[in-house]
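The values are calculated or read from the model by the stated rules, or taken from the named source; none is laboratory data. Predicted model only: the values in this text are computed from it and were never measured. All Cβ positions, even for glycine, are placed from backbone atoms using ideal geometry, and neighbour counts span all protein chains on display. Quick note on the areas: whole protein, heavy atoms, side chains included, nothing else; ligands and nucleic acids left out. Shrake-Rupley method; radii C 1.70, N 1.55, O 1.52, S 1.80 Å.
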Amino acid sequence: MIEALGYVLAFFVFPGILFASAVGLLFAGIDRKLTGHMQHRIGPPIWQEFLDVGKLFGKEDITPAAANSFVFNCAPLLCFGAVTAVMLLLPINSSQPVLTSVADLIVIIYLLNIPAVCMMLAGYASGCPFGTTGSSRYVVQLFGYELAFITAALSVAAKVGWSLSLSSIVSYQAQNGWMVSQVALIPAAIAILIAAQGKLLRVPFDIPEAESEIVHGSLTEYSGPKLAILRIAYNIELFVVAAVVVNLFFGGPVPHTIGGVYIPGVVSFLIKCFGIVVLSTVIRNIAARLRIDQALKFFWTFPTLLAAISLFLVVVT
Amino acid sequence: MTFIVPIGPQHPALEEPAHFRIEVKGEEIVGVDLRLGYNHKGIEQALSDRSYAHGLYLSARVCGICNSTHSLAFTRAVESVAGIECPDRARYIRVIDAELERIHSHLLWAGIAAHEIGFTTLFMLFWRDRELSLDMRELLFGHRIYASGTYLGGARVDIKEKDIPQLIRTLAKLEKSVKHYIDVCTSDRTIIARCSGVGVLKKKDALELCAVGPTARASGVDFDIRRDDPYAAYDEISFDVIVERDGDVLAKVVVRLREILESIGIIRQAIDAMPKGAIRTKFPENVPENEAVGRTEAPRGELMYYVRSNGTNKPERVRIRTPSYANWPSAKPMLVGGTIAEIPIVVASIDPCYSCTDRVTIVDAETGKFRIMTKEELRRLRR
């Protein structure tokens with residue numbers, strides 16, 4: 001009974017919905033502020049994303065008749081549930097996540113794809129040409145970045161003796177240093193950062209929601225609370241993807257003691273995630289959007305090749 | 001099997017309403033049909049209902065961006081109808097006005113182009129520097145957008161001696177940043193991927209379809225009204241006509257950015273060569289019966305005004321041929337053969353200005369015949 005209550009608490013408070021949304025929205029706010037400064041604007045205040053989402057919750061929900069279907073209405077919740085569930089599988093405070101399983105890396109990769117699948121289905125169900133185009137572009141992009149992402153993650157798994165458990169990857173790094181400090185895994189780290197950019201639909205890979213071409217892609221017809229839930233889900237995804245990258249390559253949550261001050265694991269973890277988000281923000285502000293065919297070609301050559309090189313080097317040595 | 005993708009009249013990639021019927025085969029574009037007329041303002045008729053002095057203000061309001069060159073073209077036509085010459089100082093003031101407008105228009109366009117390819121940072125930077133040129137227009141002519149320093153028979157305002165140092169400082173700042181932008185646009189990998197080899201307009205097509213301005217010059221057509229039919233003080237100023245050979249979107253970007261550098265050079269020369277003296281001669285109240293054409297090089301290309309006078313203080317007929325109107329046909333060869341994702345940037349690359357382009361023709365759908373609507377019919381429609 002107490003154990004079950006613990007899981008419920010974990011899902012709703014820490015590291016679940018409350019913690020993840022707070023951090024996700026904060027990261028998104030910082031991302032917007034930083035973008036503003038990079039573009040010589042003042043930018044919105046850091047808490048703007050909270051205000052925006054709060055405002056959306058208070059808005060009327062308008063669903064077009066053509067879009068009013070089970071899939072369209074359920075997609076936001078499914079998307080939100082999936083990304084929050086990933087939080088339970090991630091080592092956040094120590095190397096032990098809330099839920100442990102032997103092969104949680106596979107589960108995480110699956111769960112991280114559910115938001116993408118939800119958005120595709122929502123776009124196709126929205127009965128709007130922009131949504132349909134956005135979804136079809138999303139399908140193509142998914143096939144692009146996913147190969148690089150999985151290959152890069154696999155090369156890390158191969159390094160720790162084909163263990164697909166994130167907690168063993170984190171403990172390995174606590175003893176042997178960050179994965180990214182190993183020469184064989186540097187290409188994979190670069191590959192996963194590029195793939196994460198594609199996964200998060202950020203420039204140069206924001207093709208499925210290119211606003212000057214197809215308005216907001218799959219989410220064009222959403223409004224009000226549903227859009228708010230999707231927005232939170234996206235912001236949590238931003239945090240979660242950064243967290244997965246940190247766990248795989250940048251040591252994960254490791255407590256430090258610097259100058260006699262004890263820094264708990266979760267703080268160092270959040271700082272590292274923040275670093276990844278800032279890097280992603282910088283990339284998104286110094287590039288133009290590619291075309292979908294160019295993006296697919298790019299994903300299948302450069303990042304996939306880098307990840308494959310890493311995998312090869314790790315397996316051979 | 002082809003199908004039609006409608007773009008517009010309302011679409012995020014279009015700043016103003018226009019309707020494209022794009023015939024696609026999968027992702028590839030095989031045909032384009034363009035429908036305009038959502039923004040018709042009836043300016044030509046309104047011009048012949050007004051006196052010349054009032055018409056000058058109306059002509060500046062044909063287009064929000066290129067108002068100076070519109071009033072300059074109108075003035076050029078009206079002055080040759082009336083047979084008067086404007087003073088030397090006014091000719092230089094007109095050059096400075098027109099070139100400041102070119103700088104602001106080209107930077108505005110570059111920002112929009114960056115936005116179309118999803119490069120928001122570059123968009124913001126272009127528009128930040130556009131502010132400099134707008135500030136200069138406000139400083140010299142008293143208005144950021146509707147500067148139009150031209151007046152019938154001269155210039156509307158004089159350029160004050162005390163403003164010139166600030167103008168020169170701003171020009172230096174602009175020159176530095178535009179040089180940097182040229183470097184960025186010709187070296188950034190993502191910009192090249194989106195712009196190079198996209199929306200190519202061959203020189204042959206550009207000549208056949210009568211493209212004008214930067215659209216034609218990017219395809220290797222060496223044509224510029226400022227040099228070929230000089231007006232204001234352009235015959236006393238040396239400058240290069242920027243021509244690129246490739247004809248793709250990247251060439252159009254480079255042509256416009258390099259033209260900004262030329263404009264900066266022109267303004268500097270004009271400031272140095274500007275004589276002292278009067279800025280206006282008297283314009284007669286009634287203009288004798290005559291007709292004339294006034295051409296200027298607007299930021300988007302050749303702008304033409306035809307004016308026919310009838311001895312009163314109002315023109316009998318005014319006809320405007322705006323550069324966007326001349327450039328629309330060239331959108332077809334640029335789009336056909338490309339993909340849907342290229343539509344926004346290719347359409348933007350001719351720098352279309354919809355409101356000054358729109359014309360209305362009444363076509364009988366059953367017989368396909370054109371006809372002219374009477375004033376009474378229009379009045380009835382308006383009710």
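Which count do you get for residues in the range A:161-175 that are closer than 22 Å to A:H256 by Cβ and surrounded by fewer than 20 Cβ atoms within 10 Å (Cβ to Cβ)?
5
Anything in the range A:7-28 that is of a type in the set (A, V, I, L, M) and in a helix (DSSP H, G or I)? List them, or say none.
A:V8, A:L9, A:A10, A:I17, A:L18, A:A20, A:A22, A:V23, A:L25, A:L26, A:A28 - these are the residues of the range A:7-28 that are of a type in the set (A, V, I, L, M) and in a helix (DSSP H, G or I).
Among (1) open to solvent by less than 60 Å² (accessible area, probe 1.4 Å); (2) in a loop (DSSP other than H, G, I, E, B); (3) farther than 20 Å from B:I267 by Cα, which single condition is B:V157 missing?
Against the list (1) open to solvent by less than 60 Å² (accessible area, probe 1.4 Å); (2) in a loop (DSSP other than H, G, I, E, B); (3) farther than 20 Å from B:I267 by Cα, B:V157 comes up short only on (3).
I need the full set of residues from the range A:37-62 which are loosely packed, with under 13 Cβ neighbours inside 10 Å and among the aliphatic types (A, V, I, L, M), in order please.
Matches in the range A:37-62: A:I42, A:I62.
Can you pull out every residue in the range B:14-67 that is of a type in the set (V, I, T), in a strand (DSSP E or B) and open to solvent by 10 Å² or more (accessible area, probe 1.4 Å)?
Result: B:V30, B:V32.
Can you tell me which residue is farthest from A:V246 (Cα to Cα) among those in the range A:96-139 that are part of a loop (DSSP other than H, G, I, E, B) and open to solvent by 40 Å² or more (accessible area, probe 1.4 Å)?
A:G127
Consider only pairs whose beta carbons are under 7 Å apart and that are at least six residues apart or on different chains; among these, list those whose first residue lies in the range B:166-190 and is free of Cβ contacts under 8 Å to residues at least 40 places away in the same chain and away from chain A (no Cβ under 14 Å) and whose second residue is part of a helix (DSSP H, G or I) and aliphatic (A, V, I, L, M).
As it stands, the answer is B:Q166/B:L139; B:T170/B:L132; B:T170/B:M136, since those pairs meet every condition given.
Restricting to the range A:266-286, name every residue that is within 12 Å of chain B (Cβ to nearest Cβ), over 17 Å from the mean Cα position of the chain (by Cα) and among the aliphatic types (A, V, I, L, M).
A:I286
Restricting the search to the range B:1-13, which residues are free of Cβ contacts under 8 Å to residues at least 40 places away in the same chain, open to solvent by less than 60 Å² (accessible area, probe 1.4 Å) and part of a strand (DSSP E or B)?
If the condition is that a residue be free of Cβ contacts under 8 Å to residues at least 40 places away in the same chain, open to solvent by less than 60 Å² (accessible area, probe 1.4 Å) and part of a strand (DSSP E or B), then no residue fits.
For the range B:294-315, enumerate the residues that are assigned to a strand (DSSP E or B) and farther than 30 Å from B:W109 by Cβ.
Hits for the range B:294-315 are B:R308, B:S309, B:P315.
Taking helices (runs of 4 or more DSSP H) that do not extend beyond the range B:198-293, which have at least 3 residues that are touching a Phe, Trp or Tyr at 6+ places or on another chain (Cβ under 7 Å), open to solvent by less than 10 Å² (accessible area, probe 1.4 Å) and within 30 Å of B:A114 (Cα to Cα)?
B:249-273
Any residue in the range A:239-262 that's within 13 Å of A:I169 (Cα to Cα): show its pairings with residues that are open to solvent by 40 Å² or more (accessible area, probe 1.4 Å) and among the polar types (S, T, N, Q) at Cβ separation under 6 Å, as long as the two are six or more apart or on different chains.
If the second residue must be open to solvent by 40 Å² or more (accessible area, probe 1.4 Å) and among the polar types (S, T, N, Q), the pairs left are A:P253/A:N93.
Look through A:S167, A:S155, A:S163 and report the one residue that is in a loop (DSSP other than H, G, I, E, B) and more than 14 Å from chain B (Cβ to nearest Cβ).
A:S163
Would you pick out the residues in the range A:222-263 that are farther than 30 Å from A:N73 by Cα and either within 13 Å of the chain's Cα centre (by Cα) or among the hydroxyl-bearing types (S, T, Y) (or both)?
If the condition is that a residue be farther than 30 Å from A:N73 by Cα and either within 13 Å of the chain's Cα centre (by Cα) or among the hydroxyl-bearing types (S, T, Y) (or both), then A:V245, A:V246, A:N247, A:T257, A:Y262 are the ones that fit.
Could you tell me which residue of the range A:287-305 is nearest to the other protein chains (Cβ to nearest Cβ), considering only residues that are in a loop (DSSP other than H, G, I, E, B) and either without any contact (Cβ under 8 Å) to a residue 12 or more places away in the chain or of a type outside the set (A, V, I, L, M) (or both)?
A:R289
Can you name every residue in the range B:87-128 that is over 13 Å from the mean Cα position of the chain (by Cα), part of a helix (DSSP H, G or I), surrounded by fewer than 24 Cβ atoms within 10 Å (Cβ to Cβ) and away from chain A (no Cβ under 13 Å)?
B:D88, B:R89, B:R91
Can you tell me which residue within the range B:129-156, out of those that are within 19 Å of the chain's Cα centre (by Cα) and among the small types (G, A, S), is nearest to B:A341 (Cα to Cα)?
Step by step, filter the range B:129-156, then rank; the result is B:S133.
State all residues of the range A:63-84 that are open to solvent by 30 Å² or more (accessible area, probe 1.4 Å) and either more than 23 Å from A:F130 (Cα to Cα) or outside any loop (DSSP other than H, G, I, E, B) (or both); if no residue qualifies, say none.
Correct list: A:A65, A:A66, A:F70, A:V71, A:N73, A:C74, A:L77, A:L78, A:F80.
May I ask you to list the residues in the range A:192-228 that are within 11 Å of chain B (Cβ to nearest Cβ) and outside any helix (DSSP H, G or I)?
A:R202, A:V203, A:P204, A:F205, A:D206, A:A210, A:V215, A:H216, A:T220, listed by residue number.
Could you tell me how many of the residues in the range B:271-292 are more than 30 Å from B:P315 (Cβ to Cβ) and touching a residue at least 12 places away in the same chain (Cβ under 8 Å)?
5
Within the range A:85-95, count every residue that is under 16 Å from A:F12 (Cα atoms) and open to solvent by 10 Å² or more (accessible area, probe 1.4 Å).
3
So is B:V318 open to solvent by 10 Å² or more (accessible area, probe 1.4 Å), outside any loop (DSSP other than H, G, I, E, B) and either farther than 28 Å from B:I159 by Cβ or not charged (D, E, K, R) (or both) or not?
no
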